[in-house]
Amino acid sequence: MRHKHIKYDEGQWFAVPLRTGGYAPGIIVRGSYTTKGGLGYFFPIRCGKEPSGFNIADLNAQRAILITWFGDSGIIEGRWMMIGADRPFNRADWPIPHFGRLNSFNPEWAWITEYSQDDDGWQRPIAETRCLAAEIVGLPRDNRAGADVVEIWLTRRIAELEGSKDAT
């Protein structure tokens, strides 16, 4: 059930709570409140108790450690706090990458999925190419994640980068 009517659009920055404390920044690059989520880029910066302390000026697509399609329950429930940003948003700076998906019947095979750069947040792929599983290493997963899953993945990824064994 949707608790609030919070409006957000492409280019909106937000703070995602990490399971081990603190927050990490993210930006929605495709989608809006009308699509109930979209594509987000998430970054390896841990901020303490107040998420307003992020310096997003130097963040760009190349610095993201997680790129995923996500649902907006974290935003609607108020767990993902909106961060004001005065920098302009340009879609060309935040492309939709190719995504990888393992073949569930034969893990030696996989799929590379391509979406239109004009995607509004929840479109079907424009192309899928069968490949060897090794060819998708390093590509973002082709799936749609709930807010809880994004929080867990981001917490684990940041813990790996920080060298922590406590990743959940």
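Quick notes on this one:
- Trp80 meets the conditions (1) buried (at least 22 other Cβ atoms within 10 Å of the Cβ); (2) over 15 Å from Trp122 (Cβ atoms); (3) touching a Lys or Arg at 6+ places or on another chain (Cβ under 9 Å) in every case but one. The failed one is (3).
- Which listed residue is surrounded by 15 or more Cβ atoms within 10 Å (Cβ to Cβ) and more than 19 Å from Val150 (Cα to Cα), from Phe89, Phe99, Phe43: Phe89
- Subset of region 88-101 (residues that are more than 13 Å from the chain's Cα centre (by Cα) and either at pLDDT below 95 or outside any loop (DSSP other than H, G, I, E, B) (or both)): Pro88, Phe89, Asn90, Arg91, Ala92, Asp93, Gly100, Arg101
- Some residue of region 36-49 being part of a helix (DSSP H, G or I), within 22 Å of Glu162 (Cβ to Cβ) and not acidic (Asp, Glu): no
- For region 5-20, a residue qualifies if it is over 12 Å from Leu154 (Cα atoms) and part of a loop (DSSP other than H, G, I, E, B), and the qualifying residues are His5, Ile6, Lys7, Tyr8, Asp9, Glu10, Gly11, Gln12.
- Enumeration of residues in region 22-50 that are of a type in the set (Lys, Arg) and either closer than 21 Å to Asn143 by Cβ or in contact with a Pro (Cβ under 7 Å, 6 or more places away or on another chain) (or both): Arg30, Lys36
- Checked against (1) more than 20 Å from Ala15 (Cα to Cα); (2) surrounded by 13 or more Cβ atoms within 10 Å (Cβ to Cβ); (3) in contact with a helix residue (DSSP H, G or I) (Cβ under 7 Å, 6 or more places away or on another chain), Glu108 passes all but condition (2).
- Restricting region 71-87 to residues that are of a type in the set (Gly, Ala, Ser) and in a loop (DSSP other than H, G, I, E, B), the residue that is modelled with the lowest pLDDT: Ala85
- Residues of region 111-142 that are modelled with pLDDT under 90 and either within 13 Å of Leu66 (Cβ to Cβ) or under 14 Å from the mean Cα position of the chain (by Cα) (or both): Gly121, Trp122.
- Selection status of Glu50, in contact with a His (Cβ under 9 Å, 6 or more places away or on another chain) and modelled with pLDDT under 95: no
- Of all residues in region 28-38, those satisfying the criterion of being surrounded by fewer than 23 Cβ atoms within 10 Å (Cβ to Cβ) and out of contact with any Lys or Arg (no Cβ under 6 Å at 6 or more places or on another chain) are Ser32, Thr34, Thr35, Lys36.
- Residues satisfying the stated conditions in region 140-159, i.e. outside any helix (DSSP H, G or I) and buried (at least 21 other Cβ atoms within 10 Å of the Cβ): Asp142
- Residues in region 50-70 that are under 14 Å from Glu151 (Cα atoms) and part of a loop (DSSP other than H, G, I, E, B): Ile65 only.
- Criterion violated by Leu59 - all others in (1) buried (at least 16 other Cβ atoms within 10 Å of the Cβ); (2) over 18 Å from Ile75 (Cβ atoms); (3) in contact (Cβ under 8 Å) with a residue 40 or more places away in the chain satisfied: (3)
The values are calculated or read from the model by the stated rules, or taken from the named source; none is laboratory data. Worth saying up front: this structure is predicted, and the values here are computed from it rather than measured. All Cβ positions, even for glycine, are placed from backbone atoms using ideal geometry, and neighbour counts span all protein chains on display.
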